[in-house]
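First the structure, in the form of structure tokens, and then the observations on it.
The values are calculated or read from the model by the stated rules, or taken from the named source; none is laboratory data. The model shown is predicted, which means the values in this text are computed figures rather than measured ones. Because the Cβ atoms are built from the backbone with ideal geometry, glycine has one as well, and the counts that use them run over all protein chains shown. What goes into the accessible areas is simple: the full protein's heavy atoms, side chains included, and nothing from ligands, DNA or RNA. Shrake-Rupley method; radii C 1.70, N 1.55, O 1.52, S 1.80 Å.
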Amino acid sequence: MPNGSRLKRSFTKVAEIYKRLDIRQRLYLNFIIIIFLFSVGCIFFGVEKRKVYFIIVLIYWSSIVVFESVSIYKRLYSFTVGKVLLLIGFTLCTNVSLSIAGVVINDITTVAPSNFPHALILISIAIIPLMTAAIMLVIYTTIFITFPIWGFILFVYDNNLKEIIFPGYEPRDGSFLYKTTKLIQVLSLGIYCVFFYSFFHSILNDYTKYLYSKSQAFIYTFEMYEKSPCVGLPPGKVAFINDEHVLIAQRDNEIMKFITHECVYKNN
């Protein structure tokens, strides 16, 4: 009975601590438990079960990062300066994606990407994983470089000094396990960024080949035509470049060849 009472009190204490945690802290605690179970399971599970469990861990981890990203977005959006920074960031990413998509189209067809507006938009969307990996690298680098600064401010400076240095600062150290939670947040985000970038970097060549292959297929299928008013053209599909030239695509199974050709109009 004494052992049973002691165990019951322990569970009650753990339950009380868990109730004091906010949603973010519960997510991280659950994630730590999942990681522990995964580490133990690796000893007993086979390769296939390890992969399944790892995917589950990765999905849960990604959901935490998404939750944190949305929280950061909402906090930034609540300030005018934050809105400006978000607008600049979105504009920059959009233009970089469109620029890279233009380079891909030009590399495939050798003509201006403006001749294929639909492909330009869709390829720029396909560039998002590349942009995400680059952003992950920037976030990790920023965290790594500024670690001594924010670590010193978080763990060494007291609230009075923070209020002097940062006007409008509202102390939040009163929340349960505040500093521990912040440390886990930063470490989790930094490690996730490194993992995502490393994973994407390992498949970069394959993804690039896939992107080029599907871009060629889309341009050939949806941006080019079977008929044209020009005479004496080589066999293949046609895209109109200007009044004097057309782009001809010749396909041999999966291999495609794009060439420009002068357009000589039919005589009525």
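Values as computed for the structure displayed
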| read-out | value |
| --- | --- |
| Distance between modelled label sites at Leu233 and Leu21, nm, 7 Å Cα→Cβ extension | 6.5 nm |
| Rg ratio (alpha-carbon, reference 2.2 N^0.38 Å) - region 1-70 | 1.45 |
| Structure-derived Cα Rg over 2.2 N^0.38 Å: which label, when the choices are (i) 1.16; (ii) 1.51; (iii) 1.20 | (ii) |
| Accessible area of the chain belonging to carbon and sulfur atoms, whole % at 1.4 Å probe | 68 percent |
| Calculated from backbone phi, Karplus (6.51, -1.76, 1.60) coupling profile of region 50-56 in Hz, x at Gly/Pro | 5, 4, 4, 5, 5, 4, 4 |
| With all protein chains modelled, accessible area of Asp252 [1.4 Å, Å²] | 100 Å² |
| Amide H partners (placed H, <5 Å) of Ile241, local residues excluded | Val246, Leu247 |
| Neighbour count of at most 14 Cβ within 10 Å plus DSSP loop: longest GluC sites (Glu not before Pro)-free window in the chain | 1-225 |
| Residues of the chain: accessible area per residue with a 1.4 Å probe, Å² | 69 Å² |
| Spin-label model distance (nm) - Phe144 vs Leu187, 7 Å beyond Cα toward Cβ | 1.8 nm |
| Accessible-area value, Leu120, 1.4 Å probe, nucleic acids and ligands omitted, Å² | 40 Å² |
| Cβ-isolated cysteines (cut-off 4.7 Å), the chain | Cys42, Cys93, Cys193 |
| Greater than 25 Å apart at Cα, pairs in Lys83/Lys214; Lys74/Lys179; Lys51/Lys182; Lys49/Lys182; Lys214/Lys237 | Lys83/Lys214; Lys51/Lys182; Lys49/Lys182 |
| Per-residue HN-Hα couplings for region 141-146 [Karplus 6.51, -1.76, 1.60; θ = phi - 60°; Hz; x = Gly/Pro] | 4, 5, 4, 5, 5, 8 |
| For region 101-117 versus region 221-268, the gap between their alpha-carbon centres in whole angstrom | 16 Å |
| Calculated FRET value between Leu92 and Asn267, using beta carbons and R₀ = 45 Å, to 0.05 | 0.30 |
| Estimated FRET transfer efficiency (Val47, Thr110; beta-carbon r; R0 41 Å; 0.05) | 0.30 |
| Cα-projected label distance for Thr80 with Asn30, points at 7 Å along beta-carbon direction, nm | 4.0 nm |
